[in-house]
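Note sheet for the following structure.
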Amino acid sequence: MVAHCVAAFCVYGKGMNHNPIDYDKIASEYARHRRVHPEVLRALLLTSGVDKTSKVLEVGCGTGNYIIALESSVGSLCWGIDPSQEMLSKAQARSETVDFQMGVAERLDFSPEFFDLVFSVDVVHHISNRRKFFEEAYRVLRPGGKVCTATDSEEIIRRRPSSIYFPETVERELKRYPRIIELREIMEELGFAQITENIVEFAYQLREIQAYQDKAFSSLHLIPEEAIRRGIERMKTDLRAGPIPAVSRYLLLWGTK
């Protein structure tokens, strides 16, 4: 199973990126292959300080991996929003206690000062109006509450296993993902304090490539089929010699209201 890029977002409506990927159609592949990055979850738990009395929102929850894991770990009151009905259906089938709702990042349908933690994992590059998202996050956070954005820097993008075997994805990903300095500037302008960033990672052995063949990574939907075929063949060749050493990384950007 693959742990990198486990969150998912679908084709957005007005105000969002014109994404050619229809996540409703690939929700089953995401549910089948995506897993929680253990160090992202660990950081969310330790740095946020959430407990069973906390209220937590995941923006772009996809099939629910992270918000369900967080609730299971500490028993917080949890919500997840996503614009893909199929993704939400998968999530709802896995948890009866997390409140999953249709929604978009730029319009959080919650009362002011409601949450202790608002987080997203591999979602911010799908959001056209990132300032509006952070405005909304600030609004719904209680004083002292935290926002966490797990995303990829340029360095991380260039070092992904998918970038090595499918180099055609690199340019497209660099265009999609915002620079970290841009996100920090938005957060500073909106009044977030204690803005910090750290990189989490874990090493693993890539032993099978079904997730790549099923295109369970959104970047693989942005390159030609021939490029995918070449990358798969290279992976198969390397796997004949044994498991492929790999490292999964995320950059976590934190801010406090």
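The values are calculated or read from the model by the stated rules, or taken from the named source; none is laboratory data. As the structure is a prediction and not an experimental result, all values here were calculated from the model. Here the Cβ is made from the backbone with ideal geometry for all residues, glycine too, and neighbour counts use every protein chain on show.
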Inset, instruction - Would you confirm whether any residue within the stretch 67-79 is among the charged types (D, E, K, R) and in contact with a Gly (Cβ under 9 Å, 6 or more places away or on another chain)? - result: no
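Confirm whether Glu29 is assigned to a helix (DSSP H, G or I), within 17 Å of the chain's Cα centre (by Cα) and modelled with pLDDT under 95.
Working: assigned to a helix (DSSP H, G or I): yes; within 17 Å of the chain's Cα centre (by Cα): yes; modelled with pLDDT under 95: yes.
When the stated conditions are applied, Glu29 passes them.
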Inset, instruction - For the stretch 164-190, name all the residues that are of a type outside the set (Asp, Glu), over 29 Å from Lys257 (Cα atoms) and over 19 Å from the mean Cα position of the chain (by Cα). - result: Ile164, Tyr165, Phe166, Pro167
Inset, instruction - Might you check whether a residue that is within 30 Å of Ala227 (Cβ to Cβ), at pLDDT 95 or above and of a type outside the set (Gly, Ala, Ser) occurs anywhere in the stretch 102-120? - result: no
Legend entry - Unmet criterion (only one of (1) crowded, with 16+ Cβ neighbours inside 10 Å; (2) free of Cβ contacts under 8 Å to residues at least 60 places away in the same chain) for Thr97: (1)
Inset, instruction - Check off (1) at pLDDT below 95; (2) within 27 Å of Glu58 (Cα to Cα) for Ile209 and give me the number that stays unchecked. - result: (2)
Inset, instruction - Only residues in the stretch 56-74 that are aromatic (Phe, Trp, Tyr) count as the first member; pair them with residues that are assigned to a helix (DSSP H, G or I) and crowded, with 24+ Cβ neighbours inside 10 Å, Cβ under 8 angstrom, at least 6 apart or cross-chain, and list the lot. - result: Tyr66/Val40; Tyr66/Leu44
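Checking the conditions here, which among Leu239, Leu190 is without any contact (Cβ under 8 Å) to a residue 60 or more places away in the chain and in contact with a helix residue (DSSP H, G or I) (Cβ under 8 Å, 6 or more places away or on another chain)?
Numbers: Leu239 fails: in contact with a helix residue (DSSP H, G or I) (Cβ under 8 Å, 6 or more places away or on another chain).
None of the other options fit; the residue is Leu190.
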Inset, instruction - State whether the residues of the stretch 154-173 include one that is of a type in the set (Ser, Thr, Tyr), at pLDDT below 95 and closer than 24 Å to Arg234 by Cα. - result: yes
Inset, instruction - Quick one: count up the residues across the stretch 45-67 that are over 12 Å from Asp116 (Cβ atoms) and buried (at least 19 other Cβ atoms within 10 Å of the Cβ). - result: 10
Inset, instruction - Scan the stretch 160-175 and report the pairs whose first residue is farther than 14 Å from Lys215 by Cα and whose second residue is of a type in the set (D, E, K, R) and part of a helix (DSSP H, G or I), with Cβ atoms within less than 7 Å and a gap of 6+ or a chain change. - result: Val170/Arg158; Leu174/Glu154
Legend entry - Subset tally (residues that are over 30 Å from Val118 (Cβ atoms) and surrounded by 13 or more Cβ atoms within 10 Å (Cβ to Cβ)) for the stretch 222-233: 6
Legend entry - Of residues in the stretch 68-85 being surrounded by 20 or more Cβ atoms within 10 Å (Cβ to Cβ) and either touching an Asp or Glu at 6+ places or on another chain (Cβ under 6 Å) or hydroxyl-bearing (Ser, Thr, Tyr) (or both), the one modelled with the lowest pLDDT: Ser84
Inset, instruction - Report yes if Thr196 is at pLDDT 95 or above, assigned to a helix (DSSP H, G or I), surrounded by fewer than 18 Cβ atoms within 10 Å (Cβ to Cβ) and of a type in the set (Ser, Thr, Tyr), otherwise no. - result: no
Inset, instruction - Check the stretch 42-61 and report whether any residue there is at pLDDT 65 or above, under 21 Å from Phe134 (Cα atoms), in contact with a strand residue (DSSP E or B) (Cβ under 9 Å, 6 or more places away or on another chain) and charged (D, E, K, R). - result: yes
Legend entry - Selection status of Val40, β-branched (Val, Ile, Thr), within 18 Å of the chain's Cα centre (by Cα) and either closer than 23 Å to Gly255 by Cα or crowded, with 24+ Cβ neighbours inside 10 Å (or both): yes
